[in-house]
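Read-outs throughout are calculated quantities, based only on the coordinates presented, and are distinct from any laboratory measurement. The model shown is predicted, which means the values in this text are computed figures rather than measured ones. Note that each Cβ is placed from the backbone with ideal geometry, even for glycine, and that neighbours are counted across all protein chains shown.
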Amino acid sequence: MKNRFKTKFSIKKGDQVVVITGADKDRTTPKAVLSVITDDISPRVIVEGVNIVTKHKKPNAQNPQGTIVKEEAPIAISNVMLWDAKAKMATKIRSERKDGKSIRISKKSGEVIK
């Protein structure tokens, strides 16, 4: 029953997006989506090179001294927008059904987003 009303998002893993708000805001440089975290309360995405945090790892058998690792943290899905390569800018999308499948179409250029 839980999957029946699952929210669908227009952003998927591997898409090119631009960050439109926040500390890493850059509307001119597209970046890749590494993963999408679907959650009813706050859906989030992990974007390559955005929201870098420093994590201190405890010592273990492989690394007896421990390490400091920099990695991407999730940001809200509402803070990113899909990138239209043809128009060279951020775009909204519209969804259409073709041959029984849903396809995403850019509102700026009318191109299909893969």
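So the values come out like this:
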{"item": "Sequence of M89, M81 once ranked by neighbouring C-beta atoms within 10 Å, starting from the fewest", "result": "M89, M81"}
{"item": "Region 11-52 - Rg over Rh from alpha carbon coordinates, Kirkwood radius", "result": "0.95"}
{"item": "Histogram of C-alpha separations across the chain, 5 Å bin width, %", "result": "2, 11, 17, 18, 16, 13, 9, 6, 4, 3, 1, 0"}
{"item": "Long-range HN-HN contacts of I113 with modeled amide H, under 5 Å", "result": "R104, I105, S106"}
{"item": "Vicinal HN-Hα couplings computed from phi for region 20-36 (Karplus, 6.51 cos²θ - 1.76 cosθ + 1.60; Hz; Gly/Pro x)", "result": "9, 9, x, 5, 9, 4, 7, 7, 9, 10, x, 10, 8, 7, 8, 7, 10"}
{"item": "Sorted by Cβ neighbour density within 10 Å, fewest at the top, the residues R97, R27, R4, R104", "result": "R4, R97, R27, R104"}
{"item": "Across K8/K58; K70/K108; K25/K108; K8/K55, pairs whose alpha-carbon gap is larger than 26 Å", "result": "K8/K58; K70/K108; K8/K55"}
{"item": "Fewest-first sequence of E72, E48 by Cβ atoms within 10 Å of each Cβ", "result": "E48, E72"}
